[in-house]
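A.B. asks: Sharing a structure, written as structure tokens. Questions coming.
The values are calculated or read from the model by the stated rules, or taken from the named source; none is laboratory data. Predicted, not measured: the structure shown is a model, and the values here were computed from it. Methodologically, a virtual Cβ is constructed for each residue, glycine included, from the backbone with ideal geometry; neighbour enumeration extends over all protein chains shown.
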Amino acid sequence: MDLFLQYVANGVVTGSTYVLVAVGLTLIFGILGVVNFAHGEFYMIGGYVGIVAITMLKLPVLAAIAVVLLAAALVGLVAEAILHKPLKSRDATNSIISSFGLAVALQNAALLVMGPQPQRLNLDVSKIPVLSSLPTDFGPVFLPQQRTLIPLTMVILIGVLYAVLKYTWTGRSLRAMAQHATVARLCGVRVQSVAVVTFMVGSALAGIAGMLMSSIFFVYPVVGNMIALKAFTVVILGGMGNVAGAAVAGLLLGITESLTSAYVANSMRDVVGFVFVILVLLFRPQGLFGKAAERS
Amino acid sequence: MKPYLIGLAVALVLAVAPFVLGGYETNVLMMMLFFVILAVGLDLVAGYCGQFSFATGAFYGLGAYTAAIMSRDLGSPIWLNLPAGAVVAGLFGLLLGIPALRLKGHFLAIVTIAFQTIVYLVISQWTSFTGGQVGVSLPNPAPLTAFGVTLVQLGSLRSYYWLTLAVAVICLLLAWRLAHSRLGSEWIAIRDDETLAAAVGIDTTRGKLTAFIASAALAGVAGVLTAHAMRGVTPDDFTIWISATVVAMMVLGGRGTFIGPILGAVFLVLMPEVLGRLAEYKMLIYGSLLVLAITLMPEGVIGRLRRRAAR
Amino acid sequence: MSKIIEAKGITKRFGGVVAVNAVDLSVEKGQIVGLIGPNGSGKSTMVNLVTGELLADEGGLLFNGHDISRMPLYKRARLGMARSFQMLRLFHSLSVEENLVLASHMRMTTSVVDSLFGRAAAREETERARAKARELLAWFDLQEFAERPVTAMSIGQQRMVEIARGLMSEPTLLVLDEPAAGLSPPNVDKLIVLIRRLRDEFGISILLVEHVMRVVRDLCDRVVVLDSGQKIAEGVPDVVVKDPVVVEAYIGSGWKRRAQA
């Protein structure tokens, strides 16, 4: 039983990264209709920028986070110009192909710049004000502060995002776009700037996830592959474009994987999610939490 | 008759090539032929029938592992593995075709990606059957024999190259006939407008499933050829990036044009060889080319040329 | 008279909305029956239920005596139903002739495998389909377009190709969904003559959805009027269009709804 809670906690940590990556992905899909397979590369870039900022440039953690946010948002800006702006009038499969191309290019650029060897971020938690005072034992569960940081950041960022979507003009524009791009444009929403903001926010969230995870897991040029695929699993399970759905599905996937690996077999861990994806797309294409819709 | 004559001429040139070229270059040509089969196979389902698939790598792997495991466990020769690989991959193609009956566009594309990933994960994790990350190694292909008489030695690079060429020619001939048969025009109808296709009495279920099976079976054949050529298989030879590369070949050349994907495969396989020291940037260039192609020329080189000619 | 198609109590819901509510509709052999109604009255849904793009939630559907209520689209086509679309639908990457030939695939007796291996019988059959396509195109005075892409034609010509495509499979029922939409008045006149000839020369029964009243009045033996998914009137065109309930539906429904709200 004690171990069970530990497995759940581990699942929540990984699940939180899935949420951070998937929320951006689901926004980009839901609002812009772009299926972005280069999203895992935003995560990879976040990881590498974090390592460069902290290990090489010796920046303090908060400054490093700012650098990662900025760099990832910049990548998002470029990605929008490649994946959305020129393709927006076309079928979504065009964006899939193009984002595959972008992903391959970014991975190999990373390979040339950073080399193939996996790298890790040494995050000295004792220097981070609030975090260093957090306990590492929660009853039977042991969580080092580097790990606690991840769900914590996730909750704060997703909370902020949710509030922004719900209460601000920008957020309302975003949701209006998701409902109907043409009508939103008629109502005075600047579609192009909404698109850019969506990509920058999505990329920044994935970048932060990459940076935080790089203190626990290794970063390497193709690390984004599996992350992107997992994030897509989450997006589909949660319902495309559904932020709250992605948050719940992300945590669920993290926990399911952790439990599968503990109680079934470690080799089954990654397969579970993808089988779910096919089943959900076949039988509940609106996602686990969406409502069905049929039209004439 | 003209396309057949051109095909024959190209095949003859390729057949005499090993006499002129060295071992390395012959290997490159062989690799090129594998990818030509893959790209044409993908074109059938994605180009002609309009059912986008990112699972070519999975079917390629299923064919290759069928050959490797059959050789390991049954000691079966390549001429038996070839149809077996095609059948196994084709059956899985049928399986992947079922979601295509209900899903369209990017939803289907995502299912094919999930399928590709599942196949990869299973062959890399099921260690007792597939050898896990280490894979399976194969002996030299046994010579083709009939009634105890050796017909063809397959151990040498040249003879194996000729076998590959012969199989590739048969595959392309079949694919060409399929694409230009009644079934092929039904595929095009399904791509253009599925509802209309059904409204004029076309069995769209049969159309889609046959396209998936044909495409997968061709990839399976390429897989068997590759497994025997490489004397082994590992999971990392059949990742989603292989699928993406084949998609790039098809898109660059022109979806649904038949000749386009062939040229795309030739170009993308030979390009790194011509680049010399720049080959380090091969994948970077692939990726960028794919982005550029889909943005500037979504119908591909041949598609663009044909449209020009039609005007 | 024997009924070609007979729908009884057809109901279709989308979520909570009842798009078509317990509608009866039939077309007798050799008749032209009109289906009219204001925008959003459920005409398109009804047509899609008859042709099989949508499946009804309730009600029965007989076609030439076969129960087709659960039958998929392509099988209904094979039983002898053909249609045109409100928004023109043709295979855009194929030539005009190929568009027509595809519609006769279902009538071919040689198998796809014969065609795959280029067997003589299959080639001859395709040749016959081509000849027939050209004959039909000539009937529509469009023979010079046979080898051109469909996109090279005007809207009016594309509509004619749609109808020609319908004739390729020698249907017993032709469903025409707003064939006059987007046509100029002289072309509407031609269309009226043409549809009448389809019935008289080919003996095809026709279900005609139409907005243009002139077409309905000139052609239809009988008219069914839908409003808000319900059948509100049925009868001879000249009588039905004067029916106060129908007039109310066309002109007065806006006022009525506003008054209720």
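A.B. asks: Can you tell me which residue is surrounded by the most Cβ atoms within 10 Å (Cβ to Cβ) among those in the range C:201-231 that are modelled with pLDDT of 90 or more and more than 20 Å from residue C:242 (Cα to Cα)?
C.D. replies: C:207
A.B. asks: Further question: Go over the candidates C:113, C:96 one by one and state the one that is buried (at least 20 other Cβ atoms within 10 Å of the Cβ) and not assigned by TED's automatic domain parsing to the domain that holds residue C:9. Talk me through it step by step, then tell me what you get.
C.D. replies: Numbers: C:113 fails: buried (at least 20 other Cβ atoms within 10 Å of the Cβ).
After applying the criteria, what remains is C:96.
A.B. asks: List, please: which pairs have Cβ atoms under 8 Å, are six or more places apart or on different chains, and start with a residue in the range B:62-86 that is surrounded by 22 or more Cβ atoms within 10 Å (Cβ to Cβ) and end with one that is among the acidic types (Asp, Glu)?
C.D. replies: Matching pairs, first to second residue: B:64/B:237.
Conditions (1) under 23 Å from residue C:220 (Cα atoms); (2) within 11 Å of another protein chain (Cβ to nearest Cβ); (3) surrounded by fewer than 23 Cβ atoms within 10 Å (Cβ to Cβ); (4) of a type outside the set (Gly, Ala, Ser), marked per residue:
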position: C:41; (1), (2), (3), (4): yes, no, no, no
position: C:53; (1), (2), (3), (4): no, yes, yes, yes
position: C:75; (1), (2), (3), (4): no, yes, yes, yes
position: C:80; (1), (2), (3), (4): yes, yes, yes, no
position: C:83; (1), (2), (3), (4): yes, yes, no, yes
position: C:89; (1), (2), (3), (4): no, yes, yes, yes
position: C:100; (1), (2), (3), (4): no, yes, no, yes
position: C:103; (1), (2), (3), (4): no, yes, no, no
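A.B. asks: Need the failing condition index for residue A:75 against (1) in contact with a helix residue (DSSP H, G or I) (Cβ under 7 Å, 6 or more places away or on another chain); (2) closer than 22 Å to residue A:149 by Cα, just the number.
C.D. replies: Tallying (1) in contact with a helix residue (DSSP H, G or I) (Cβ under 7 Å, 6 or more places away or on another chain); (2) closer than 22 Å to residue A:149 by Cα, residue A:75 fails exactly one: (2).
A.B. asks: Mind listing just one residue for me: the one in the range C:127-150 that is out of contact with any Leu (no Cβ under 7 Å at 6 or more places or on another chain) and among the small types (Gly, Ala, Ser) and, of those, nearest to the other protein chains (Cβ to nearest Cβ)?
C.D. replies: C:129
A.B. asks: From the residues in the range B:93-125 that are more than 7 Å from chain A (Cβ to nearest Cβ) and surrounded by fewer than 18 Cβ atoms within 10 Å (Cβ to Cβ), which one is modelled with the lowest pLDDT?
C.D. replies: B:104
A.B. asks: Identify, from the list C:124, C:170, the residue that is more than 19 Å from the chain's Cα centre (by Cα) and either part of a helix (DSSP H, G or I) or within 14 Å of chain B (Cβ to nearest Cβ) (or both).
C.D. replies: Just a single option satisfies the conditions, and that option is C:124.
A.B. asks: Determine which member of the set B:38, B:44 is surrounded by 24 or more Cβ atoms within 10 Å (Cβ to Cβ) and over 21 Å from residue B:241 (Cβ atoms).
C.D. replies: Numbers: B:38 fails: over 21 Å from residue B:241 (Cβ atoms).
Result: B:44 is the single residue among B:38, B:44 that is surrounded by 24 or more Cβ atoms within 10 Å (Cβ to Cβ) and over 21 Å from residue B:241 (Cβ atoms).
A.B. asks: Which numbered condition trips up residue B:154, out of (1) assigned to a helix (DSSP H, G or I); (2) under 23 Å from residue B:230 (Cβ atoms); (3) touching a Phe, Trp or Tyr at 6+ places or on another chain (Cβ under 7 Å)?
C.D. replies: Exception for residue B:154: condition (1).
A.B. asks: Looking for whichever is out of contact with any Ser or Thr (no Cβ under 9 Å at 6 or more places or on another chain) and either closer than 27 Å to residue C:183 by Cα or modelled with pLDDT of 90 or more (or both) here; the options are C:67, C:57. Which one fits?
C.D. replies: Every option except C:67 fails the conditions.
A.B. asks: Can you tell me which of (1) within 14 Å of chain B (Cβ to nearest Cβ); (2) in contact with a Pro (Cβ under 9 Å, 6 or more places away or on another chain) is the one residue A:89 doesn't meet?
C.D. replies: Here residue A:89 meets the rest and fails (2).
A.B. asks: Before we move on, is residue B:205 surrounded by 24 or more Cβ atoms within 10 Å (Cβ to Cβ) and of a type in the set (S, T, N, Q)?
C.D. replies: Working: surrounded by 24 or more Cβ atoms within 10 Å (Cβ to Cβ): no; of a type in the set (S, T, N, Q): yes.
No, not satisfied.
A.B. asks: Does residue B:213 satisfy the condition of being of a type in the set (A, V, I, L, M) and farther than 14 Å from residue B:93 by Cβ?
C.D. replies: Judged against the criteria, residue B:213 is not a match.
A.B. asks: Spot the failing condition for residue A:109; the list is (1) over 19 Å from residue A:35 (Cα atoms); (2) more than 7 Å from every other protein chain (Cβ to nearest Cβ); (3) part of a helix (DSSP H, G or I), and only one is missed.
C.D. replies: Evaluating residue A:109 over (1) over 19 Å from residue A:35 (Cα atoms); (2) more than 7 Å from every other protein chain (Cβ to nearest Cβ); (3) part of a helix (DSSP H, G or I) leaves (2) as the failure.
A.B. asks: So if I check each of A:136, A:153, which one is within 24 Å of residue A:218 (Cβ to Cβ) and at pLDDT 80 or above?
C.D. replies: On inspection, the qualifying residue turns out to be A:153.
A.B. asks: Go through the range C:19-39 and count every residue that is farther than 30 Å from residue C:202 by Cβ, surrounded by fewer than 23 Cβ atoms within 10 Å (Cβ to Cβ) and either touching a strand residue (DSSP E or B) at 6+ places or on another chain (Cβ under 7 Å) or among the aromatic types (Phe, Trp, Tyr) (or both). It would help to see each step written out before you state the result.
C.D. replies: Filtering the range C:19-39 down to residues farther than 30 Å from residue C:202 by Cβ leaves C:19, C:21-22, C:38-39.
Subsequent filtering for residues that are surrounded by fewer than 23 Cβ atoms within 10 Å (Cβ to Cβ) retains C:21-22, C:38-39.
Add one more test, that the residue is either touching a strand residue (DSSP E or B) at 6+ places or on another chain (Cβ under 7 Å) or among the aromatic types (Phe, Trp, Tyr) (or both), and what stays is C:21-22, C:38.
The qualifying residues number 3.
A.B. asks: Counting only residues that are within 14 Å of chain C (Cβ to nearest Cβ), give me the helices (runs of 4 or more DSSP H) lying completely in the range B:176-271 with at least 3 of them.
C.D. replies: In the range B:176-271, the matching helices (runs of 4 or more DSSP H) lie at B:182-192, B:194-199, B:204-230.
A.B. asks: Let me ask something additional. If you scan the range A:72-93, which residues turn out to be more than 14 Å from residue A:199 (Cβ to Cβ) and among the small types (Gly, Ala, Ser)? Spell out the reasoning first.
C.D. replies: Here is the first cut: in the range A:72-93, the residues more than 14 Å from residue A:199 (Cβ to Cβ) are A:89-93.
Selection gives A:89, A:92.
A.B. asks: Which residue out of B:162, B:187, B:241 is out of contact with any Asp or Glu (no Cβ under 8 Å at 6 or more places or on another chain), of a type in the set (Phe, Trp, Tyr) and modelled with pLDDT under 90?
C.D. replies: B:241
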